[in-house]
1. Would you work out the relative contact order for the chain, in percent, from Cα pairs under 8 angstrom that are 6 or more residues apart?
2. Using a 1.4 Å probe on the protein heavy atoms only, what accessible surface does VAL743 show? Give it in Å² to the nearest 10.
3. Would you mind working out the accessible area per residue for the chain, using a 1.4 Å probe, and quoting it in Å²?
4. Using the Karplus curve 6.51 cos²θ - 1.76 cosθ + 1.60 with θ = phi - 60°, what ³J(HN,Hα) values do you get for each residue of segment 361-369, in whole Hz, with x for Gly and Pro?
5. If R0 is 45 Å, what FRET efficiency do you get for THR499 and ALA644 from their C-beta distance, rounded to 0.05?
6. Using alpha carbons only, how many angstrom separate the centre of segment 611-639 from the centre of segment 1-76?
7. Once you put a point 7 Å from the Cα of LYS396 and another 7 Å from the Cα of THR113, both along the Cβ direction, what distance in nm separates them?
8. Hey, got a sec? Which trypsin sites (Lys or Arg not before Pro) in segment 482-523 land in a DSSP loop and have at most 13 other Cβ atoms within 10 Å?
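The values are calculated or read from the model by the stated rules, or taken from the named source; none is laboratory data. Just so it is clear, the model here is predicted, and its values are computed rather than measured. Ideal geometry is used to build each Cβ from the backbone, glycine not excepted, and the neighbour counts take in all protein chains shown. All accessible areas refer to the heavy atoms of the entire protein, side chains included, with ligands and DNA or RNA removed. Shrake-Rupley method; radii C 1.70, N 1.55, O 1.52, S 1.80 Å.
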Amino acid sequence: MSAKAIREASGKELINKYLAPGSRAAKCDFVSVDETTNWDDLLVNNKWLQTTPLVAKPDQLIKRRGKLGLITVNKNFTQVKEWIMARMGADQKIGACVGTLRNFIIEPFLPHTDDQEAYVCIYSHRSADTILFHHQGGVDIGDVDAKALKLDIPVGHTVTADEIERTLLIEVSATKKKFVANFIYNLYQLYVDLYFTYLEINPLVVTGQSIHILDLAAKLDSTADFICRQKWGEIDYPPPFGRDAYPEEAYIADLDAKSGASLKLTILNRNGRIWTMVAGGGASVIYSDTICDLGSASELANYGEYSGAPSEQQTYEYAKTILTLMTSSPKHPEGKVLITGGGIANFTNVAATFRGIISALREFQPRLVEHNVSIFVRRAGPNYQEGLRKMREIGKSLGIPLHVFGPETHMTAICGMALNKKPIPQACNVDFATANFLLPGGQQQQEAMKQQTQSPEKAGEPSVVAMVYPFTGDHKQKFYWGHKEILIPVYKKMSDAMTKHKEADVLVNFASLRSAYESTVEVLEYPQIRTVAIIAEGIPENMTRKLIVMAHEKGVSIIGPATVGGVKPGCFKIGNTGGMLDNILHSKLYRPGSVAYVSRSGGMSNELNNIISKATDGVAEGVAIGGDRYPGTTFMDHILRYQADPDIKMMVLLGEVGGVEEYEVCQALREKRVTKPLIAWCIGTCAGMFKSEVQFGHAGSCANSEKETATAKNRALKEAGAYVPTSFDTLGDLIGNVYTELVKKGYIVPVEEVPPPTVPMDYSWARELGLIRKPASFMTSICDERGQELLYAGMPISD
């Protein structure tokens, strides 16, 4: 997640430090109190606590504290202490949510009248920042969206105090307009400089010639930590009220921060019966949806995901954490269930990640037996056959039921099996691909290049003409093109690559989140480029929004950020889309079909390749627009392209909770701008079944209103005329039914099957899979008792 809520105390501390002098804002005096606070030390360090009337309230992301009676005002220190201690550690019910009060904030009480209260809020969206202002504030403000005056500041533009005064302060008295406008102007500058995504003050009290901030709610763009860490300091991002912060969550968050992979864990019910260990941000949401749809929301213990090619050690640590939680809670009379699922990976080495999981399972074997755990596995992707084989082998020695399935089984079918809603097949008819491939670790960019040059395209030349790598001099890099090796030039400077390859019009940007913005800005200076795919996840939202504006001005399409790219079968694939070559052949991506799709999730785009290839004559084009809050192109951008393409006969949209882009599709359906059959489903329907807010794997997958929920979107899409399944479980069936009807009507003439091209296997991959062998090149009698492998010139002998 990028936009994360912070405590009121953290927001006020940032304002104290960085709000420009001359804003006439009174300093926010406050102290924070928790269960470890020493009250005597508090008095010694904050003398004002004894000399002024006080206000106390919880500081745990609770909305409408005044309405809920969770605030005490105009009390002395002793009274405030008694009020807090009476509530410290107590459970508090807010709606359907029950949480424990553990953090409070104490501030000076400010006597004032109702007519001195105002309301101000700043929030960000795709095209602008919006400032809301209302001349009345406080607990009874009501519907601020309807009452407040609004000023939009387009991305890339600035605002002046005069504009603020003219637009927002119409109802403010003439004597106060100037300095209130100046305050809001400086507040907005702070908002931008410190990468806030939301900042609300209610009430803002204007007395005489000074301004006081009473209640505050704020969110920061956590992906901007590498920019703002020095100013932010150590920011505490508390969990939503109703869900405690667990040390295991903090441990996984720390692993995630230190890794190029993605590791997420949210504990929903520590005593729950159903635990998940799911690969992929989109897949993790769908598994949670399915479990909840099957009536087991109250038994779901956790939400989490691992993706982005984590190492064996990282996967081991992740699995060990979940197994520790699972086996440290009370036993369940029906036993416990571990669902280890995932879609078809694009570039994650399934066998390598499974090695880490298997190590953890072996370590926890006695405790798994003690808790009567059943394990259900479904996975596919690079080297999945070896991973599933090893998982079956460990299953024979664990002494517990362990059921293993591959891409021949629908992704979420194991949920029904695990919850006794579906029979468990005794044997599976496994679809074998024509080749198996292994992905070398830590080689994402180079591997993507290999895939793009090896793709079985009809053209006689590779689609990739050059690479840009600024950390070395100009040189050439070897890649396979079918059976032969070719040389691709690598340039140190972007300008050299562009000058020497005028025909290139697509750039795939593998730069890290820290440099992706600057390198994309540089690319946009070259008019030959029509499309840029940004692979990196975690680019700060302000930077992404600026890139969207610049790209729009130059007529460039951006796919991403946080994407695996896109695929046009038989023509071109961007990045790691479609996975390894065996999956490209298995999903018939070597030739175009009749169905185009657009998805937020990269991992689920590969699952869509699989589903569509089984239910129809295959994929015509597919794009993963990216899981960040502001993707460079929207669903509508691609759906309108598909609508205009005569070779595309039907479309599939896989949306998700959060954002409102799907409503543009609804509008287009109603206006008949989209007339081709559209099958649509938004994942994240489980969000409404949880007692507290859960941030899913993608930065954009969090609903800020009822309109942004997956359930509301699915309903709107159906009402607008889209085909909407009852769940993801039935998505493939619905795609197949619509396709069959279109074939019967003669609207679709199925694509003629052609023999898949032969694809040679690299030596290193074949050796890893045990398909070939070679006599040893080195022999040594040296023994290393530490168990470490002998190195030759820094390289392991086995390599």
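1. Once divided by the residue count of the chain, the mean separation gives 10 percent.
2. About 50 Å², rounded to the nearest 10.
3. Here the residues of the chain average 43 Å² of exposed surface.
4. 4, 4, 5, 9, 3, x, 6, 5, 5
5. 0.85
6. Using only Cα atoms, the two centres lie 46 Å from each other.
7. So the two model labels end up 8.6 nm from each other.
8. LYS493, LYS502, ARG514
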